[in-house]
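The values are calculated or read from the model by the stated rules, or taken from the named source; none is laboratory data. A quick note: this is a predicted structure, and the numbers were derived from the prediction, not measured. Ideal geometry is used to build each Cβ from the backbone, glycine not excepted, and the neighbour counts take in all protein chains shown.
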There are 4 protein chains.
Amino acid sequence: MVSRRGRPRSSAVREKVVRAAADLALDGGPGAATVDAIAKRAEVSRTTIYKWWPSASAIVLEGLLDSVRDTIVRPPGSTTVQALEHHVGALFGLVADPAVGPLLRNVIAASVSDPAIERALMDQWITPRRAAVAVTLRDAVAAGELPARTDVEVAVDALVSPPYYRLMLGMAPLDDAGVAALVNTVWCGCRATRKVSGP
Amino acid sequence: MVSRRGRPRSSAVREKVVRAAADLALDGGPGAATVDAIAKRAEVSRTTIYKWWPSASAIVLEGLLDSVRDTIVRPPGSTTVQALEHHVGALFGLVADPAVGPLLRNVIAASVSDPAIERALMDQWITPRRAAVAVTLRDAVAAGELPARTDVEVAVDALVSPPYYRLMLGMAPLDDAGVAALVNTVWCGCRATRKVSGP
Amino acid sequence: MVSRRGRPRSSAVREKVVRAAADLALDGGPGAATVDAIAKRAEVSRTTIYKWWPSASAIVLEGLLDSVRDTIVRPPGSTTVQALEHHVGALFGLVADPAVGPLLRNVIAASVSDPAIERALMDQWITPRRAAVAVTLRDAVAAGELPARTDVEVAVDALVSPPYYRLMLGMAPLDDAGVAALVNTVWCGCRATRKVSGP
Amino acid sequence: MVSRRGRPRSSAVREKVVRAAADLALDGGPGAATVDAIAKRAEVSRTTIYKWWPSASAIVLEGLLDSVRDTIVRPPGSTTVQALEHHVGALFGLVADPAVGPLLRNVIAASVSDPAIERALMDQWITPRRAAVAVTLRDAVAAGELPARTDVEVAVDALVSPPYYRLMLGMAPLDDAGVAALVNTVWCGCRATRKVSGP
DNA sequence: TTCTAATCGAGACGGTACGTCAGGTCTTCTC
DNA sequence: GAGAAGACCTGACGTACCGTCTCGATTAGAA
């Protein structure tokens, strides 16, 4: 067993910082989660923060990923459509969650000017969620439920883009009926699609 | 017509400022278009800038809207699908345009922390483009090409969200085939949709 | 008449800053006169301070020079010895002054690690005071009161070094009798000096 | 004698630390000898340094005293003037030594804001050197070489202040001839002095 | 023409946050 | 117990932008 030398990192610090960042980002509006403000609220030294995180947004992102640790699994025994609705519905619910959406919006905005955030967001948030939907769709293609020519990436885009789009532009999220309609439309669209430039 | 007394506003100033902001935002990366930098580059006084614009992002937005003044019209004599492809294709092209996309991304990020930008962006960019697509879809419903139960807002979301989504997350834009597939999928999906929770 | 463009510099700011620095350096001990503390005490923005002064020590130096603006003049109609005693006595008095000595000590300490302070201190404080004494001595040589071989620089050193030496090392300053004795010793020494390496 | 329990203090550590401090203070300029830098250069833990020394300046001072361990003795069989010249010349030489002067300047500057350094510097450097000169002068008074009214403290000041003064202000040190002239002037001045306020 | 009201430029000023550096203290493991 | 490693806090540093402010210089219609 390898026990590190020196004083061990305090887990309390990490928690206080991440929680403070989330609190500030949530009820202080975006731009409130500065390193200074986080340090003050968490009662932690700014220096320590800079030692562990490269920016305020990185902290917010960490809090975001912390709060959403539920594994992305397909409900056992579900049909393809049920699985799709589960995945997409969960995503919509998440983005519309008042404790998650604002953080995500914050982080996406920050990712515009911070490649590191962009990468982390992509790797740890976007890609896993796209993958879950994509796998379900590809299984359906393999099972013959969807035609072989189905463009999975495009279908995934159609299914997952709207919540981000509405989030970033400050539009109200789709309600449950809207979500169901979206899934239904894309599902039927994939099945009904004919060759694009046919006779 | 009552022409004001005093020195009239110099149009040269507006142009220099807007151009400088766009240049900075484009090749300096986001965050480069600060008021200070714009003032220096445009060789205009900071005071003057503050007199006419509330923020740097507002200038970038103005430049964005300036550069995209093409009227959003339905090509005369086009079928519904052709019209849809034209509208959606134009939008995708715009967002993928290296002289437009970055500015837009910039402005959307700024809109997160600036309600005024959010409003202006919504009113002058998002809403008109959604409206064009929505009108086409509603016409199709009226003409019996699409079923009456079609949820137009959802269809619009599916059609227009992907480019913004990919733009904000730094993903490569869909290529032409992808765009065509998307339009086709949604169109077919709307036509083929059955009642969501049928027996 | 050249009237500057732009908002004119506020003289109140300069005064408040310089006074605050002096106050802090005097009753807060050395090391108390940081830029932060000065800004807070003077109720002036740190930015503004950095615009006009390169360091806290520069401000203290400015305050020092401000408070000692008395022209260095030889009393009219004085004999050489009287003039010397006046000059040297004034210097001793200044350095022993509780409102001047601590500032000077502060600045000399800072000059060790700041060439700009070193230069300014030299040019605006040390050199003028050495010069006054040197001129008086040289006049005495010219008048035949002192032998031609008198090493003026050495005599100046002997006369002016002690107060700085005692100041820097925290020793009590010489009292009036000590000052008189010093002047007398050096004066007589210069007159009585024989060739250093005689037969 | 009871030898302490536990690991004894490593003399290697002391040497490495002191040497590192001296090296940094000499070729890194003042301000370079921070505790951090010393720890890094000496490859010693900061904690260890803080355990044995109260400040970086204390280390520099220790190095200074280490490097100048020559006993201050009067050359046997010397005349008073020879002894004085020896003492004062040694002091001048020391202060002008490029391996000693900068350290001393450093320490004096630090003593301004650190009473402990001030005390140590006084007790272990200044006082012994003043004492050596004072004893010689007092012996001369006792022997009748100098008048009884000689103010020894003042004479000591005149003899030893100049090198410190020039050191602290960054002035070039006096050359050998200057030193000889200084000693000669003060010696003759002490012998020739008449009552200060005579008729 | 002269007045007058506006624009525009220059620059001072107060703020807030940034990211870094050094000083100290404390905790833990290793020798 | 000495020493190494390193986490942590404090406080100051100097910089970048922000937004406001006070000026003078310029411009062109209105009196």
Conditions: (1) in a helix (DSSP H, G or I); (2) in contact with a helix residue (DSSP H, G or I) (Cβ under 6 Å, 6 or more places away or on another chain); (3) more than 10 Å from chain A (Cβ to nearest Cβ). B:D123 meets all but one. Number of the miss? (2)
Looking at D:S78 and the list (1) assigned to a loop (DSSP other than H, G, I, E, B); (2) in contact with a Ser or Thr (Cβ under 9 Å, 6 or more places away or on another chain), which single condition is not satisfied? (2)
Candidate set from the stretch D:18-62 (those that are within 14 Å of DNA strand F (Cβ to nearest atom) and acidic (D, E)); member that is nearest to D:A109 (Cα to Cα): D:D36
Can you tell me which residue is nearest to C:A25 (Cα to Cα) among those in the stretch C:97-131 that are surrounded by fewer than 18 Cβ atoms within 10 Å (Cβ to Cβ) and of a type in the set (S, T, N, Q)? C:S113
State whether one or more residues within the stretch A:83-103 are within 16 Å of DNA strand F (Cβ to nearest atom) and of a type in the set (G, A, S). no
Just to be sure I understand the filter: pairs with C-beta atoms under 7 Å, separated by 6 or more residues or on different chains, first member in the stretch C:1-30 and without any contact (Cβ under 8 Å) to a residue 60 or more places away in the chain, second member part of a loop (DSSP other than H, G, I, E, B) and exposed (fewer than 14 other Cβ atoms within 10 Å of the Cβ). Which pairs pass? C:K16/C:E43
Some residue of the stretch B:32-45 being more than 16 Å from DNA strand E (Cβ to nearest atom) and within 25 Å of B:M168 (Cα to Cα): yes
Contact list, first residue from the stretch C:44-64 and away from chain D (no Cβ under 14 Å), second anywhere and more than 13 Å from DNA strand E (Cβ to nearest atom) and outside any helix (DSSP H, G or I), beta-carbon distance below 9 Å, six or more apart or interchain, is C:P54/C:D114; C:A58/C:D114; C:I59/C:A33; C:L64/C:V100
Flag for A:D23 being within 11 Å of DNA strand E (Cβ to nearest atom), among the acidic types (D, E), surrounded by fewer than 20 Cβ atoms within 10 Å (Cβ to Cβ) and away from chain B (no Cβ under 14 Å): no
Among the residues of the stretch A:167-178, the number that are facing chain B (nearest Cβ under 9 Å) and touching a residue at least 40 places away in the same chain (Cβ under 8 Å) is 2
If you go through the stretch B:78-99, how many residues are touching a residue at least 60 places away in the same chain (Cβ under 8 Å) and of a type in the set (G, A, S)? 3
Mind listing just one residue for me: the one in the stretch D:137-161 that is within 30 Å of C:S113 (Cα to Cα) and in contact (Cβ under 8 Å) with a residue 60 or more places away in the chain and, of those, surrounded by the most Cβ atoms within 10 Å (Cβ to Cβ)? D:L159
Can we say B:S161 is at pLDDT below 95, among the hydroxyl-bearing types (S, T, Y) and not assigned by TED's automatic domain parsing to the domain that holds B:A58? no
Return yes when C:P8 is modelled with pLDDT under 95 and within 21 Å of the chain's Cα centre (by Cα) and no when it is not. no
Please determine whether any residue of the stretch D:57-75 is polar (S, T, N, Q), loosely packed, with under 13 Cβ neighbours inside 10 Å, outside the structural domain of D:T136 (by TED's automatic domain parsing) and in a helix (DSSP H, G or I). no
Among the residues of the stretch D:25-54, what is the count of those that are part of a helix (DSSP H, G or I) and in contact with a Ser or Thr (Cβ under 8 Å, 6 or more places away or on another chain)? 2
State all residues of the stretch D:143-170 that are more than 16 Å from D:W187 (Cβ to Cβ), of a type in the set (A, V, I, L, M) and in a helix (DSSP H, G or I); if no residue qualifies, say none. D:L167, D:M168
The listed residue being facing chain C (nearest Cβ under 7 Å) and modelled with pLDDT under 95, out of D:A155, D:A192: D:A192
Going by what's in this entry, would C:V186 be described as assigned to a helix (DSSP H, G or I), over 21 Å from D:A109 (Cα atoms), within 9 Å of chain D (Cβ to nearest Cβ) and of a type in the set (A, V, I, L, M)? yes
It is to be established whether one or more residues within the stretch D:172-181 are of a type outside the set (K, R) and over 18 Å from D:V88 (Cα atoms). no
